[in-house]
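Data block below; observations after.
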Amino acid sequence: MRRLLLVVFAVCLLTASASFAQVDSTAVDSTAAPTDTVTTPASATSATQAPVVVPPTSQPRRKLRDRVYFGGSVTLSFGDVTRIGVYPMIAYKFTPKLSVGTELGYEYLKYDDIDQSANNYGGSVFGRYRIIPQLFAHAEYQMVNYEIFTSPTTSEREWIPYLLFGGGLSSRIGPNTWGYVEVLFDVLNDEHSPYDEGEPIISAGVGVGF
């Protein structure tokens, strides 16, 4: 009986040892790194990223001072009638070639034959189109208030309109300064206009930024 118990006990120990060995082998295998794992290269990962789109840089808007030019002209003539005139102007460039502006004017006249003088003043709006840097076309509507002498001692004032067409030549005389000469013709030919029909109106001036 005692031998039988010893045999049974020995069999149980052997069975338990085999079970523990199997469990330990399984635990080791489960922690081992798999041999079929594929490592993705870093270059392949970066190649699949969406490209970065950089928005185009917008064109800078031109400043107001780059679109505005100013200047004017002076008229001087001497003889039976002395004429001194000043005509400041300012204009805005809608495009590098097309501009629109306004001009004010004042002139002093001295008539030697009647020993009288007059003061005339007015204003205008005009448009210019630069055909080439040295040549421009010009159109202008002008109103001038003239002192008209009805006798050597009496006078009256009257507004006289002009519609002028023509053109001019310009030349750079400084870093941002142009000199110009323009020839215009009046197509309204008001009866009180001091200019004869078809007579050219010639003026010269200077423009800054023109």
*Check the stretch 146-154 and report whether any residue there is in contact with a Phe, Trp or Tyr (Cβ under 6 Å, 6 or more places away or on another chain), in a strand (DSSP E or B) and either at negative phi or among the β-branched types (Val, Ile, Thr) (or both).*
no
*Could you say whether any residue in the stretch 129-136 is surrounded by fewer than 15 Cβ atoms within 10 Å (Cβ to Cβ), assigned to a strand (DSSP E or B) and in contact with a Phe, Trp or Tyr (Cβ under 8 Å, 6 or more places away or on another chain)?*
yes
*Residue tally, condition in contact with a Gly (Cβ under 8 Å, 6 or more places away or on another chain) and surrounded by fewer than 17 Cβ atoms within 10 Å (Cβ to Cβ), over the stretch 137-148*: 4
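Looking at this structure, is residue 158 in contact (Cβ under 8 Å) with a residue 12 or more places away in the chain, under 20 Å from residue 122 (Cα atoms) and charged (D, E, K, R)? Spell out how you get there, then give the answer.
Details: in contact (Cβ under 8 Å) with a residue 12 or more places away in the chain: yes; under 20 Å from residue 122 (Cα atoms): yes; charged (D, E, K, R): yes.
It is true that residue 158 is in contact (Cβ under 8 Å) with a residue 12 or more places away in the chain, under 20 Å from residue 122 (Cα atoms) and charged (D, E, K, R).
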*residue 114 versus (1) touching a Pro at 6+ places or on another chain (Cβ under 6 Å); (2) under 18 Å from residue 89 (Cα atoms): which is the lone unmet condition?*
(2)
*Looking at the stretch 183-194, is at least one residue surrounded by 17 or more Cβ atoms within 10 Å (Cβ to Cβ) and within 15 Å of residue 87 (Cβ to Cβ)?*
yes
*Taking the stretch 115-144, which residues are farther than 19 Å from residue 182 by Cα and touching a Leu at 6+ places or on another chain (Cβ under 6 Å)?*
118
*Looking at (1) part of a strand (DSSP E or B); (2) loosely packed, with under 14 Cβ neighbours inside 10 Å, can you tell me which one residue 95 breaks?*
(1)
*Looking at 82, 102, which is the one that is at pLDDT 95 or above, surrounded by 13 or more Cβ atoms within 10 Å (Cβ to Cβ), in a strand (DSSP E or B) and among the polar types (S, T, N, Q)?*
102
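Residue-wise test of (1) touching a strand residue (DSSP E or B) at 6+ places or on another chain (Cβ under 9 Å); (2) free of Cβ contacts under 8 Å to residues at least 24 places away in the same chain; (3) among the hydrophobic types (A, V, I, L, M, F, W, C); (4) over 24 Å from residue 71 (Cβ atoms).
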site: 116; (1), (2), (3), (4): yes, no, no, yes
site: 150; (1), (2), (3), (4): yes, yes, no, yes
site: 154; (1), (2), (3), (4): no, yes, no, yes
site: 194; (1), (2), (3), (4): yes, no, no, yes
*Could you count how many residues in the stretch 173-192 are farther than 23 Å from residue 120 by Cα, without any contact (Cβ under 8 Å) to a residue 24 or more places away in the chain and touching a strand residue (DSSP E or B) at 6+ places or on another chain (Cβ under 9 Å)?*
1
*Does residue 70 count as more than 15 Å from residue 207 (Cβ to Cβ), surrounded by fewer than 17 Cβ atoms within 10 Å (Cβ to Cβ) and either hydroxyl-bearing (Ser, Thr, Tyr) or at pLDDT below 95 (or both)?*
no
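The values are calculated or read from the model by the stated rules, or taken from the named source; none is laboratory data. Everything quoted here is computed from the prediction, not taken from an experiment. For neighbour counting, all protein chains shown are included, and Cβ atoms are generated from backbone atoms with ideal geometry for every residue, glycine included.
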